[in-house]
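Student: Encoded as structure tokens, here's the structure I'll be asking about.
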Amino acid sequence: MSETVDSVSALIIQKLLDNPKVPRDINGDCKIMEDLAFDSLAVMNFVMEIEDTLDVSVPLDKLADVRTVDDLAKCIVDLQNKG
Amino acid sequence: MSSIFAKFSGTASALGGLIESGGRNPFGVVIEKVVSSTVGVIENRETLLFGTNNYLGLSQSQNAVKAAQDAAAKYGVGTTGSRIANGTQSLHRQLEVQIASHFNRRDAMVFSTGYQANLGIISALAGKEDYLLLDADSHASIYDGSRLSTAQVIRFRHNDPDDLHKRLKRLEGTPGAKLVVVEGIYSMTGNIAPVAEFAAVKRETDSYLLVDEAHSFGVIGENGLGVAEAAGVEKDVDFIAGTFSKSLGTVGGYCVSDHPEMDLIRVNCRPYMFTASLPPEVIAATMTALDEMKAHPELRTQLMDNAKRLHGGLHRIGLNASKQVSPVVAVTLETLGQAITMWNRLLEEGVYVNLSLPPATPDNRPLLRCSVMATHTPAQIDKALEVFASVARECSVLS
Ligand SMILES: Cc1ncc(COP(=O)(O)O)c(C=O)c1O
């Protein structure tokens, strides 16, 4: 897998910015629920989009440890390296 | 000292807002008197009940009431124990045999609620190495079951067998069993699962399939067995879970299966082992309600006729009602304000429906969720439609 945490993080940010409600100045340190005002359902639905783009499934229990955009990127890269 | 209630501050302000804008707590409605299956007294007014899930009206079955009275007189009012201790009486086994034979399955497990049936069966089946694949719009009991399990949990897009297929393909070669969970009729929207397509995916990928027929049992299928029967794929469904609290009008849950391992599940299932079993009067009423359901297939025809009448009527008025015809008919609104005002005005005009709010609803929009009964008269449905139309105009939902 050629994906790195930085490249996945950039892709997540780009996807987040497709949503007009998301603040324009987000970065990898942003907390998805607190800073972007996503509720748990919105997070799960957003992750589904990323899963499709990167052809990976993120089990819900893994999501429990994800707070920031970079956490999510790291979690996805770990899953890809495992698979 | 930090307050243990601080986490509720968001809920507190949301609930405060709901009560302030509508004048009452939508989650605190009290039915003061039950007049019939379709009419109750709320706030001293006779109110048409369009939000009770009492699909066949059997909560008011006089035969079931009599059976409950007799059972209480004979056995007492409670079992004071769990199914694996002192809480199994001959009535529990009789009910299990009756349910299994009704579904033409090898065995049945009866739980104290439908919620616990899902919690129990999902958490018992899905172990650490296994994968649970859940429809994104699954009921809370399914999500909670997945949390009580130790399995890896993956969501797929609602009612989308291709998306499920894609996600199962990704897991190809990984160890562990795969259990797919779908509902027959979705409780919020009335959407019906394409089970034949899900069954095909299950066969191709060698996974297991559990269908929660909570809202479809007694409602669809030639014998009222639910969507699996209606789609002709019962043999592909490994486990059917359901509840007695909707079409049968009592309380309790069940899981039926042909797998011979059900007795092993009984001793590996916390929500079955560590809670008191159903009381005798509930079991007796449930068995009688099941007999009535079988003896009166015309109830299902009336139910579907009524569902068509309400569904068609709401569409004709111009409201954004459910796509598919089923006894769950939801009207989707764009804003919370509209939903709250309309729900309150409907109640004041004598029509009770459920107010369903995000995140319990799909795609973040509020719903006015109606459920139809076989026992509604055409005149009651027409009256509800009339009130819906006038209230929707008053609230500027319709012009
Ligand atoms: C799809 C679904 N499954 C399970 C349940 C739980 O059933 P019960 O209320 O009987 O515990 C419900 C309803 O509450 C439901 O809608």
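Student: When the Karplus curve 6.51 cos²θ - 1.76 cosθ + 1.60 is applied with θ = phi - 60°, which whole-Hz ³J(HN,Hα) does each residue of segment B:393-399 get, with x for Gly and Pro?
Tutor: So the Karplus estimates, Gly and Pro as x, are 5, 4, 8, 6, 7, 10, 8 Hz.
Student: How many partner chain Cβ atoms sit within 10 Å of a residue's Cβ in peptide A:57-70, on average, as a whole number?
Tutor: Working: counts 12, 4, 8, 10, 7, 2, 1, 1, 0, 0, 0, 0, 0, 0.
So the per-residue partner count for this stretch is 3.
Student: Name the lysines eligible as straight-distance cross-link partners of B:K235: C-alpha to C-alpha under 16 Å, and not fewer than 8 places from it in the same chain.
Tutor: Leaving aside lysines fewer than 8 places away in the same chain, those within reach of B:K235 are B:K202.
Student: Mind listing the phi-derived Karplus ³J(HN,Hα) values for segment B:158-171, rounded to whole Hz, using 6.51, -1.76 and 1.60 with θ = phi - 60°, and x for any glycine or proline?
Tutor: My calculation for segment B:158-171 gives 3, 6, 10, x, 5, 5, 4, 4, 4, 6, 5, 4, 4, 8 Hz in order.
Student: If the reach is capped at under 16 angstrom between alpha carbons, list the lysines near B:K128, excluding any in the same chain fewer than eight residues apart.
Tutor: Of all the lysines, those that pass the test against B:K128 - Cα under 16 Å, at least 8 places apart if same chain - are A:K62, B:K178.
Student: Only bridges whose two residues both fall in the protein assembly as shown count here: according to DSSP, what percent of them are antiparallel, nearest 5?
Tutor: On the way: 28 of 47 bridges.
In the protein assembly as shown, approximately 60 percent of DSSP beta bridges are antiparallel ones.
Student: Going highest first, how would you order B:24-30, B:129-135, B:233-239, B:265-271 by mean Cβ packing within 10 Å?
Tutor: Working: B:24-30: 12.4, B:129-135: 22.1, B:233-239: 19.6, B:265-271: 17.6.
The most tightly packed comes first, giving B:129-135, B:233-239, B:265-271, B:24-30.
Student: What residues qualify as long-range amide H neighbours of B:N53, i.e. H under 5 Å apart, gap of 5 or more or another chain, H built at 1.01 Å from N?
Tutor: Amide H neighbours of B:N53: B:S371.
Student: State the answer as a single residue: which of B:T341, B:Y143, B:A228 lies farthest towards the positive end of the charge dipole of the protein assembly as shown, with beta carbon charges of +1 for Lys and Arg and -1 for Asp and Glu, about the Cα centre.
Tutor: B:T341
Student: Enter the mean number of other protein chain beta carbons within 10 Å of the beta carbon of each residue in B:148-157, as an integer.
Tutor: On the way: counts 0, 1, 1, 3, 6, 7, 6, 9, 3, 3.
Mean partner shielding for this stretch: 4.
Student: Can you give me the long-range amide H partners of A:T68? Hydrogens built in the peptide plane at 1.01 Å from N, cutoff under 5 Å, separation of 5 or more residues or another chain.
Tutor: A:I32
Student: Quick one: divide the alpha-carbon radius of gyration of segment A:5-82 by 2.2 N^0.38 Å and tell me what you get. Intermediate results must be reported in sequence, preceding the final value.
Tutor: Working: Rg = 11.3 Å, N = 78, 2.2 N^0.38 = 11.5 Å.
It is 0.98.
Student: With angles folded into 0 to 90 degrees, how steeply does helix A:40-54 sit against the dominant principal axis of chain A? Use alpha carbons for both and round to 10.
Tutor: 50
Student: With each label point set 7 Å from Cα along the Cα-Cβ vector, what nm distance links B:S36 and B:D291?
Tutor: The two pseudo-label positions are separated by 2.5 nm.
Student: Calculate how large, on average over all directions, the projected area of the Cα convex hull of the protein assembly as shown is; give the answer in nm² to one decimal.
Tutor: Working: hull surface 100.3 nm².
With the hull built on Cα positions only, its mean projection is 25.1 nm².
Student: A further question on this structure: Can you tell me which of A:19-26, A:31-38, B:328-335, B:282-289 comes out highest on packing, and rank the rest after it, using the mean Cβ neighbours within 10 Å?
Tutor: On the way: A:19-26: 10.4, A:31-38: 15.4, B:328-335: 20.9, B:282-289: 25.5.
Highest mean packing first, the order is B:282-289, B:328-335, A:31-38, A:19-26.
Student: Between B:E394 and B:F274, what FRET efficiency follows from the Cβ-Cβ distance if R0 is 51 Å, with the result rounded to 0.05?
Tutor: On the way: r = 50 Å, r/R0 = 0.98.
The calculated FRET efficiency here is 0.50.
Student: Please give the length that would be gained between B:H259 and B:N364 if that part of the chain were fully extended, namely 0.36 nm times their separation in residues minus their C-alpha to C-alpha distance (nm, one decimal).
Tutor: Details: separation 105, 0.36 × 105 = 37.80 nm, distance 3.88 nm.
Contour length minus Cα-Cα distance gives 33.9 nm.
Student: Per-residue ellipticity at 222 nm for chain B, helices alone: DSSP H runs ≥ 4 residues times -39500 (n - 2.57), over residue total, nearest 500 deg cm²/dmol? Numbers along the way, then the final one.
Tutor: Numbers: 14 runs with 162 residues, N = 399.
Helices in chain B give a 222 nm mean residue ellipticity of -12500 deg cm²/dmol.
Student: Can you give me the C-alpha center-to-center distance between segment A:1-56 and segment B:52-96, rounded to a whole angstrom?
Tutor: 50
Student: Stick to the Cα atoms of segment B:255-316, pair each with every other, and give me the Kirkwood hydrodynamic radius in Å at one decimal.
Tutor: Numbers: mean 1/r = 0.0642 Å⁻¹.
Here the Kirkwood hydrodynamic radius works out to 15.6 Å.
Student: Return the distance in nm (one decimal) between the two label points of a simple spin-label model at B:S3 and B:K308, each offset 7 Å from Cα along Cα→Cβ.
Tutor: About 5.5 nm separates the two model spin labels.
Student: Have a look at segment B:209-267 and give its Rg and Dmax from the Cα atoms, expressed in angstrom.
Tutor: That works out to 11.7, 34 Å for Rg and Dmax.
Student: May I ask you to compute the full-extension gain from B:N25 to B:R170, defined as 0.36 nm times their residue separation minus their alpha-carbon distance, rounded to one decimal in nm? Kindly include the intermediate steps, with their values, before the conclusion.
Tutor: On the way: separation 145, 0.36 × 145 = 52.20 nm, distance 4.57 nm.
Here the segment from B:N25 to B:R170 would lengthen by 47.6 nm.
Student: Follow-up question, since we're still on this one. For B:K66, give me every one of the aspartates and glutamates with a C-alpha distance below 20 angstrom, ignoring sequence neighbours fewer than eight places off in its own chain.
Tutor: B:E281, B:D291, B:E292
Student: Quick check: pseudo-label points 7 Å beyond the Cα along Cα→Cβ at B:K66 and B:E298, how many nm apart are they?
Tutor: Going from the B:K66 label point to the B:E298 one covers 1.9 nm.
Student: Right, next: From a point 7 Å beyond the Cα of B:Q324 in the direction of its Cβ, which residues of segment B:168-206 have a backbone N at a distance under 17 Å?
Tutor: The answer is B:181-202, whose backbone nitrogens lie closer than 17 Å to the label point.
Student: I've got another one for you. Using only alpha carbon pairs under 8 Å that are at least six residues apart, calculate the relative contact order of chain B and give it in whole percent.
Tutor: On the way: 807 pairs, mean separation 87.7, N = 399.
Relative CO of chain B lands at 22 percent.
Student: Using amide H atoms built in the peptide plane, which far-off residues or other-chain residues are under 5 Å from B:G176 H to H?
Tutor: none
Student: Taking θ as phi - 60°, what are the ³J(HN,Hα) couplings along segment B:207-214 by the Karplus curve (6.51, -1.76, 1.60), each to the nearest whole Hz, with x for Gly and Pro?
Tutor: 10, 9, 10, 10, 10, 8, 9, 3
Student: Any chance you could list the semi-axes, whole Å, largest first, of the equivalent ellipsoid that the Cα gyration tensor gives for segment B:116-198, using √(5λ)?
Tutor: Details: eigenvalues 76, 60, 15 Å².
Equivalent ellipsoid of segment B:116-198: 20, 17, 9 Å, largest first.
Only the coordinates and a few stated rules stand behind these numbers; no lab work does. These figures come from a predicted structure and were not determined experimentally. With ideal geometry, Cβ positions are generated from the backbone for all residues, glycine too; neighbour counts draw on all protein chains shown.
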